[in-house]
Amino acid sequence: MNDEMRREGGRPGEIEIKGVAKAYEGESSTVTAVENCSFVVERGRFTVLVGPSGCGKTTLINLVAGYESPTEGEIRLDGALVTDPGPDRLVVFQETALFPWMTTIDNVVYGPKVQRSMPPHEIIAKAGQLLDTVGLSEFRDKFPIQLSGGMQRRAELARALINEPAVLLMDEPFRGLDAMTRELMQEYLLKLFEGSNRTILFVTSEIDEAILFADNLIVLSRSPGKVRAEIPVDLGRPRTLDMLTQRRYAELKHEALTILYEEAVGAFASGVRSASDIVEAYQKREVG
């Protein structure tokens, strides 16, 4: 993406994925991860990807990030073709990526400090605000090894958001956290999103989490992945965990799980005996 086409700092971006396919060449065969995949990550909205295991969710994140190039089709950010990584798209991964030799505050300020994207006093002030928002003000001088898993996740969120990316990409960032910590992280992310008008593309294998976050829920088919359905999530905002008990939430969950069940049957027809078994397996993350 050339410099003339990059977005203005702080402005949320919009991603268009059009007819995208990605194939990997093996020694004896070609494996297609995604094919004919098209959808829009709308500006200032929270888009969530779910789908069966191996359907290409992480592949799509890597393509949008510019880490890989599509075999077919194109990906555009605000109309400009994505051809390489850039600071306008930042990724929060499944595993921690904090620099172990840096304190929390040094990790957070690293991006804008290296890019010289704002004055030093502004960087420190903004980092302080973000650490306060994610509850890490008292841990600003601690090293990653001194932080719990949930604290490390919060520090990574602050480190990504201080750069004001056009699109924030999140690939199952809360995977592996215990249930209580995961709920706390969900609340922090909702607070950060709903107060910022950011654009987020989020991958998860947890249907409850997907519906809690999403403005638009995109369900991918079994491999090779393509868009099986787009489900608008009309729960309103701000979102809270108690919304998971609402009737509308149950309806949305049923709609999504019905589609996932159909895809899982195609992929695991000989391995699961009934629809209820597949739904239960999906919720336990044995499927998806």
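Would you mind checking the tilt of helix 120-133 against the longest principal axis of the Cα atoms of the chain, expressed as 0 to 90 degrees and rounded to 10? For 120-133 against the chain, the angle is about 50 degrees.
Charged neighbours of Met243, selected by a Cβ distance under 14 Å, balance to -4 (K, R count +1; D, E count -1). In segment 1-144, taking the dipole from charged Cβ atoms about the Cα centre, the farthest positive-side position among Val114, Ala127, Val50 is held by Ala127.
The label-point distance for Glu251 and Glu122, in a model that sets each label 7 Å from Cα toward Cβ, rounds to 4.6 nm. Its relative contact order, with pairs defined as Cα atoms under 8 Å and 6+ residues apart, puts segment 172-266 at 25 percent. Using bins of 5 Å that start at zero, the share of Cα-Cα pairs per bin across segment 134-275 amounts to 2, 8, 17, 19, 19, 15, 10, 6, 4, 1, 0, in whole %. Helix content alone sets the calculated 222 nm mean residue ellipticity of the chain: runs of n ≥ 4 DSSP H residues at -39500 (n - 2.57) each, divided across all residues, give -11000 deg cm²/dmol.
The equivalent ellipsoid of segment 75-137 has semi-axes of 25, 16, 12 Å, largest first, where each one is the square root of 5 times an eigenvalue of the Cα gyration tensor.
Measuring between their Cα centroids, segment 210-240 and segment 241-264 lie 10 Å from each other. As a length-normalised measure over Cα pairs under 8 Å and 6 or more apart, the relative contact order of segment 74-176 settles at 45 percent. Report the label-to-label distance for Met102 and Asp141 in nanometres (one decimal), using points 7 Å from each Cα along the Cα→Cβ vector. The two pseudo-label positions are separated by 1.9 nm. Per-peptide packing, taken as the mean over residues of other Cβ atoms within 10 Å, places 38-44, 204-210, 152-158 in the sequence 152-158, 204-210, 38-44 from highest down.
Placing pseudo-labels 7 Å out from each Cα toward the beta carbon at Asp84 and Asp208 gives an inter-label distance of 4.4 nm. The separation of segment 45-106 from segment 182-204, counted between C-alpha centres, amounts to 16 Å. Computed with the Debye formula from one identical point scatterer per Cα of segment 4-73, without solvent, the log10 of I(q)/I(0) at q = 0.12, 0.19, 0.20, 0.26 Å⁻¹ comes to -0.38, -0.85, -0.92, -1.32. Summing +1 for each Lys or Arg and -1 for each Asp or Glu among the other residues whose beta-carbon sits under 12 angstrom from that of Gln152 gives +2. Charge dipole (Cα centre; +1 on Lys/Arg Cβ, -1 on Asp/Glu Cβ; no other charges) of the chain amounts to roughly 420 debye. Based on C-alpha pairs under 8 angstrom that are at least 6 apart in sequence, the chain has a relative contact order of 25 percent. For the pair Arg43 and Ser69 in one chain, pulling the backbone fully straight at 0.36 nm per residue adds 7.1 nm over the alpha carbon distance. When His121, His254 are arranged by Cβ crowding within 10 Å, least crowded first, meaning fewest neighbours, the order is His121, His254. The base-10 log of I(q)/I(0) for segment 27-111, evaluated at q = 0.22 Å⁻¹, reads -1.23 [Debye formula, identical scatterers on Cα atoms, solvent excluded]. Segment Glu183..Tyr24, full-extension length gain: 53.6 nm, with 0.36 nm per residue of separation and the alpha-carbon distance subtracted.
Counted over the chain with a bin width of 5 Å, the fraction of Cα pairs per bin, in whole percents, is 1, 5, 12, 15, 18, 17, 14, 10, 6, 2, 1, 0, 0.
Only the coordinates and a few stated rules stand behind these numbers; no lab work does. What you are looking at is a predicted structure, and each value in this text was computed from that prediction instead of being measured. So basically every Cβ, Gly included, is an ideal-geometry build from the backbone, and we count neighbours across all protein chains shown.
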